[in-house]
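Accompanying notes for the structure given below.
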Amino acid sequence: MTYKSLQSSISDLYKNNQLIIIKDPVDPYLEMAEIHRRINEKKGPAILFENVIGSPFKACSNLYGTNERCEFLFREAIVGIEHLIKLKISPLTAFKELGKTLFHIPFLLNSVPKKSYFSKPVLKNTCKITDLPQIVSWPQDGGAFITLPQVISFPPQSKKFSEANVGMYRIQLSGNDYALNSEIGLHYQLHRGIGIHHALYNHSDEPFRVSIGIGGPPSYALGSIFPLPEGLSEILFTGLLGNRSYKYTWKDNFFIPTDVDFCITGILQKNKLKPEGPFGDHLGYYSLKHDFPYLNVQNVYHKKNPIWHFTVVGRPPQEDSGFGYLIHKMVQEISKNEFPGVKEIHAVDVAGVHPLLLAIGSERYMPFRDKKPEEILTQANHILGKGQTSLSKYLFITTNDDNPNLDTHNISDFLHYILERIDWAKDLHFYTQTTMDTLDYSGDSWNGGSKLVLACHRIPFRSFGKTNFNKLIQISSIEKQAMVQNGIGLLQMSKFNNVTEANTQILELTQILSQFDLSEIPLIVITDDLDFVMLNYNNFLWTTFTRSNPSHDIYGIDSFTENKHWGCNGSLIIDARKKPHHAPELKSDPEICTKVEHLFQKNKELTKYL
């Protein structure tokens with residue numbers, strides 16, 4: 001199905017019973033987001049809000065809320081792009097599968113960008129920033145934000161599509177020190193293409209013009225977030241995703257995607273910053289207020305009867321998990337080509353994506369010798385040196401020689417497999433004083449922290465019985481204890497106050513624990529809320545890997561440092577308690593929750609999502 005607009009995709013979803021229409025007046029301040037979260041959590045349909053309080057425009061969300069709906073929206077693109085990827089990996093495929101190649105020639109031709117000379121729907125009308133739906137998702141958010149923007153920039157003196165950058169960087173519409181209607185915030189993080197353009201404009205007298213599209217066919221949002229190799233045009237790729245030419249024009253030297261619902265043009269202030277945030281983000285915490293670039297707004301264009309496309313960001317899984325599913329489905333083969341020897345990679349969504357990466361690699365260097373990590377260390381360095389995977393904090397990498405069916409998506413079994421084999425004395429490889437994901441506040445500074453590679457290629461030397469952790473350890477500093485799974489123990493201790501106290505606490509703990517037989521519990525996680533962590537496995541993963549900084553929060557029983565290599569001969573301990581420098585976690589407003597419950601109770605179509 002080729003969608004010409006956001007409206008056409010919404011109409012298609014409605015015909016296929018995958019859209020719910022809410023006609024009641026709904027407040028964009030917290031209420032719309034709470035409605036979205038509840039429907040998304042129940043794997044519900046896409047949502048069209050027909051009556052947004054304070055705005056003349058309709059709004060939609062949750063288009064990508066389930067994997068099945070994502071496949072439905074991109075059913076043609078998935079097949080076409082899979083074939084193109086085969087051609088990239090092996091050009092001979094063009095001849096081996098000549099029929100398929102010829103069949104996809106129109107798919108390729110349809111993707112070529114086309115300049116609009118007559119039909120320019122988005123330029124038909126203008127409005128003010130304050131006319132747009134002022135959606136605030138979380139109580140401590142610094143203002144209203146655009147959450148699905150297509151931020152488009154070109155280098156100085158360039159109009160080449162191959163040099164354009166299209167990225168999804170959040171845009172703050174109100175709050176803080178922004179002059180209402182004339183200034184909006186632009187937040188971009190490490191490893192983002194717009195940063196390269198920004199650096200070039202700092203050495204140019206040319207104004208840094210930026211265009212922000214909202215809405216348009218579903219391919220426009222996905223194309224903005226797709227991790228493409230450098231040099232591959234995101235504008236061209238968006239056409240491939242939508243099986244339709246990307247239509248554009250230029251107005252006042254601004255690039256205008258003519259099929260979007262809204263387009264904001266602005267000039268980025270090159271050497272000026274203003275506070276941006278806080279914002280409830282996808283790690284499940286607020287990203288705090290920091291200085292970021294901002295735009296002087298030039299115009300806000302919109303088509304006739306536009307629809308404001310938004311999502312709600314928060315602790316995963318959320319709607320943007322659908323993006324991750326589609327990206328993995330389309331590029332899983334090319335990932336193997338990008339990382340030679342790596343068979344599988346899984347950025348764990350429920351752990352916040354970047355905090356935890358699981359991988360299966362290969363060992364082909366010295367097959368005649370005893371097993372130990374060699375090639376997988378090279379593969380780990382490659383993974384941590386490439387694009388978005390370079391933001392990973394914990395990387396567990398192993399081989400699957402003993403189990404060809406090992407699956408990184410079966411996380412419990414994957415960790416069990418590693419824990420049977422890993423040698424804490426040799427297999428821990430720290431990266432200290434390095435960069436971290438901008439949204440991860442577990443480090444010792446903003447954008448700063450550490451990484452840990454846990455590389456395992458050994459024969460099993462542990463086995464896990466049914467050791468009863470509750471009866472095993474009885475000491476005063478431990479408030480509660482439990483087993484997460486065989487091999488992983490959980491201890492609750494008092495809250496974390498400061499580093500000095502924590503070091504003393506846990507070093508004393510390791511000395512006491514060294515007196516016990518913990519051979520069947522090689523990994524111990526410390527928490528300040530055991531009941532929460534034990535509610536479900538997702539809570540365990542999220543807490544452990546978002547609330548720890550490897551270089552600061554990892555300890556070990558019988559630990560040592562030898563020639564600058566740290567390891568331990570007993571159990572590994574991760575301190576995953578909340579720290580004073582961590583950002584607040586996201587929580588809904590109770591009054592808004594009550595208001596939304598009343599709305600759901602009186603609306604028959606919504607009662608199923610209570």
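Its convex hull of Cα atoms gives the range 111-212 a direction-averaged projected area, equal to a quarter of the hull surface, of 8.8 nm². Kirkwood radius and radius of gyration were both taken over the C-alpha atoms of the range 496-610, and their ratio Rg/Rh is 1.19.
The value of relative contact order for the chain, using C-alpha pairs under 8 Å at least six residues apart, is 13 percent.
Please give every one of the aspartates and glutamates within straight-line cross-link reach of Lys372, meaning a C-alpha to C-alpha distance under 15 Å, and leave out same-chain neighbours fewer than 8 residues apart. List returned: Glu363, Asp401, Asp402, Glu420, Asp423, Asp427. Between the range 520-561 and the range 275-318, the C-alpha centres lie 32 angstrom from each other. Excluding same-chain neighbours fewer than eight residues apart, the aspartates and glutamates reachable from Lys42 by a Cα-Cα span under 19 Å are Glu31, Glu34, Glu68, Glu71, Glu319, Asp320, Asp349, Glu597, Glu605. In the range 352-478, the C-alpha radius of gyration followed by the widest Cα-Cα span (Dmax) gives 16.5, 50 angstrom. Its residue count N fixes a reference of 2.2 N^0.38 Å for the range 274-315, and the Cα radius of gyration divided by that reference is 1.59.
Ligands, DNA and RNA left out, the accessible area of the range 269-374 computed with a 1.4 Å probe is 51% carbon and sulfur. Surface listing: Met493, Met366 arranged by accessible area from highest to lowest gives Met366, Met493, probe 1.4 Å. The lysines whose alpha-carbon is closer than 17 Å to the alpha-carbon of Lys274, local same-chain residues fewer than 8 away aside, are Lys289.
Which of the pairs Lys120/Lys270; Lys128/Lys608; Lys128/Lys595 have their Cα atoms more than 32 Å apart in this structure? Long pairs (Cα-Cα over 32 Å): Lys128/Lys608. Solvent exposure of the chain, expressed per residue, is 42 Å² of accessible area, with all protein chains present and a 1.4 angstrom probe.
By the Cα gyration tensor, the chain has an equivalent ellipsoid whose semi-axes, rounded to whole angstrom, run 43, 29, 24 from largest to smallest.
The values are calculated or read from the model by the stated rules, or taken from the named source; none is laboratory data. Because the structure is a prediction, the values reported are computed rather than measured. Each accessible area value is taken on the protein alone, full model and side chains, heavy atoms only, with ligands, DNA and RNA left out. Shrake-Rupley method; radii C 1.70, N 1.55, O 1.52, S 1.80 Å.
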